[in-house]
């Protein structure tokens, strides 16, 4: 890795810092007050190799004799984002997963979790103790919200400032590796959410010595964009590409989910998303299965293109926000904000998502002021779209962090929609606690320094001023303070409820649906294609897919409050019937009912 502190085979440590705006850089070693001048190199680099440091050594860089800063490529920040960096020997961890080669993409069933609130302890080690539960549930891929070091004692992780250093509050690098190894021992993949569209507002010192990391040519919701296409952008691009390789190689991760890539602004060719994906596929051992996933509000389907072999050219899939938004409107009736684009025909949008991937494939978006959104996606296989009913954004970006179980009184609606997402060919994603119908909120929380903390709280409440419910200042004051410790505490999962009452019923239902998927659908998913759609009645839809062995997977659903008489005939054997007896489906579909069937190939 060209950045940061690297332990050599001779026991010496090589330190490198890209500081194109600095005149001089010195290495400051904590503990003995050692200060060593670093040698200037070409293109703004400073370097030094010394035997005065070793594994565990704490260090900083001093810029132009004035301020001391941590290493932007630090592998560990044990005292937080303002403290010294620590030298880490990545070879010290003896991996025990030599036989692990990952899992094929079509087997992915995701479980998104936030390490800090997933367990009472909020650590990597505590999360590892829940892996047996996830495997038993039917999960095959654990997806972690960002763990890169961020300011304070708590946060979502999307304001990280040291992309190579696991957040010390969750544990050490070795404890993170132990979590990954334990997951692999149970057949679970591990994915990490990474943020390449901005740095957080506290603890980011790059402006002091490497302002070329940013550009005023492009702007994002966080200010000046990261410089991926301007002067000096080569090393900026390399920084993030090396970060992706680092997590996949040094931590044995099975995949990455790139956050909000629509805020990565790059006019060069190939753009950074293509270059990153091509480098990962070229550099990672081809014997390993490694998968890249996008979040992209632009619905840019070309990033999901397939090779003739069917393998992803760049990215395996994108989170399908369209499917979520359409399902949310159907379940809750909410139609403000971005749900405006789905309120007129939510069932049609949902049907298009099931059959073609995106609901918006170039159509004008009312919410976005009439601009066209999306690219054609019908030619892509269902596996290119991750489906979900809930995730951290769709819960946590609400003022009070309500989950669907708290928003929807009629449980039939959620059960019907859950069966659609969990049994459809697209890889499904659950958000932690969804499987037992948790009503524990997942709020937006952070822990910034005074001044910034007050600004973030005020800004958070100001965001909701355009909603009628929060038009008055008194109403906005009820929105939980993101910086308050109790806001974080209120978001911890309520595990003690999982096995009781209605929650136990929800959990049994999710286990049953995922078992059906694992046994009857998953083995036939590679190359699933040819979705055929049908609409019937006011709120009826049907869909059929041809699976890899020629079998046909079909669904009939009534997602309305009135029965549907004489629905289309469902061929094949009944795989799952939700809110109806299988034998009644030929004559009527009750409100919020779903019938899944599987018809074997004639051959």
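Every number here is computed from the coordinates shown, using simple stated rules; none is lab data. In this text the structure is predicted, and so the values were computed from the model without any measurement. Cβ: placed from backbone, ideal geometry, glycine included. Neighbour counts: every protein chain shown.
Report the Cα centroid-to-centroid distance between the range 111-186 and the range 238-265 in angstrom, as an integer.
16
For the range 432-485 and the range 1-49, what is the separation of their C-alpha centers, rounded to whole Å?
Computed from Cα coordinates, the inter-centre distance equals 41 Å.
For the chain, what percent of Cα pairs sit more than 41 Å apart? Before the final figure, lay out the partial values.
Values: 46488 of 181503 pairs.
So the pairs more than 41 Å apart make up 26 percent of the total in the chain.
Could you compute the FRET efficiency for residue 371 and residue 121, with r as their C-beta to C-beta distance and R0 at 45 Å, rounded to 0.05?
0.50
State the antiparallel share, in %, of DSSP beta bridges confined to the chain, rounding to the nearest 5.
70
For the range 378-498, evaluate the Debye formula with one uniform point scatterer on each Cα (no solvent term) and list log10 I(q)/I(0) at q = 0.12, 0.18, 0.21 Å⁻¹, rounded to two decimals.
Taken in order of the listed q values, log10 I(q)/I(0) reads -0.57, -1.00, -1.16.
Taking R0 as 45 Å, what's the FRET efficiency between residue 306 and residue 175 from their Cβ-Cβ distance, rounded to 0.05?
0.75
How many percent of the alpha carbon pairs in the range 60-144 exceed a separation of 23 Å? Working shown, then result.
Details: 1752 of 3570 pairs.
Cα-Cα pairs in the range 60-144 separated by more than 23 Å: 49 percent.
Gain in length, residue 219 to residue 601, computed as 0.36 nm per residue apart minus the alpha-carbon separation, to one decimal in nm? Show your work: numbers first, answer last.
Values: separation 382, 0.36 × 382 = 137.52 nm, distance 5.31 nm.
Gain on extension, residue 219 to residue 601, equals 132.2 nm.
Taking the alpha-carbon set of the range 86-197, what are its Rg and Dmax in Å?
Calculated on Cα positions, Rg and Dmax stand at 13.9, 39 Å.
Please report the orientation-averaged projected area of the range 4-91, defined via the convex hull of its C-alpha atoms, in nm². Present the calculation step by step, with values, prior to reporting the outcome.
On the way: hull surface 22.0 nm².
Value for the range 4-91: 5.5 nm².
Can you tell me the order of 509-515, 49-55 when each peptide is scored by its average per-residue count of other Cβ atoms within 10 angstrom, highest first?
Final packing ranking: 509-515, 49-55.
Taking the Cα atoms of the range 223-271, what is the range of coordinates along each of the three principal axes, in descending order and whole Å?
33, 22, 21
Sorted by packing (mean other beta-carbon atoms within 10 Å per residue), highest first, where do 176-189, 442-455, 522-535 land?
The packing order, highest mean first, is 176-189, 442-455, 522-535.
Can you tell me the orientation of helix 501-516 relative to the chain, as the angle in degrees between its alpha-carbon axis and the longest Cα principal axis, to the nearest 10?
90
Once the Cβ-Cβ distance between residue 533 and residue 484 is put in as r, and R0 is 56 Å, what FRET efficiency do you end up with, to the nearest 0.05?
Between residue 533 and residue 484 the formula returns 0.75.
Test of understanding: what is the full-extension gain from residue 475 to residue 345, defined as 0.36 nm times their sequence separation minus their Cα-Cα distance?
Difference between extended and current length: 43.6 nm.
Would you mind checking the tilt of helix 321-332 against the longest principal axis of the Cα atoms of the chain, expressed as 0 to 90 degrees and rounded to 10?
With rounding to tens, the tilt is 50 degrees.
Using label points projected 7 Å from each Cα along Cα→Cβ, tell me how many nm separate residue 467 and residue 518, to one decimal.
With each label point 7 Å from Cα toward Cβ, the separation is 3.7 nm.
So how much slack lies between residue 587 and residue 499, counting 0.36 nm per residue of separation and subtracting their Cα-Cα distance, in nm?
28.0 nm
Mind giving me the nanometre distance, one decimal, between the label points for residue 49 and residue 64, set 7 Å out from Cα along Cα→Cβ?
Reported label-point gap for residue 49 and residue 64 is 3.1 nm.
So how tilted is helix 173-185 from the main axis of the chain? Cα-based, degrees 0 to 90, rounded to 10.
30
Report, as a whole number in µm² per second, the diffusion coefficient that Stokes-Einstein gives for the range 527-599 at 4 °C and 1.567 mPa s using the Kirkwood radius over alpha carbon pairs. Don't skip to the answer; put the middle values down first.
On the way: Rh = 12.1 Å.
In µm²/s, the coefficient is 107.
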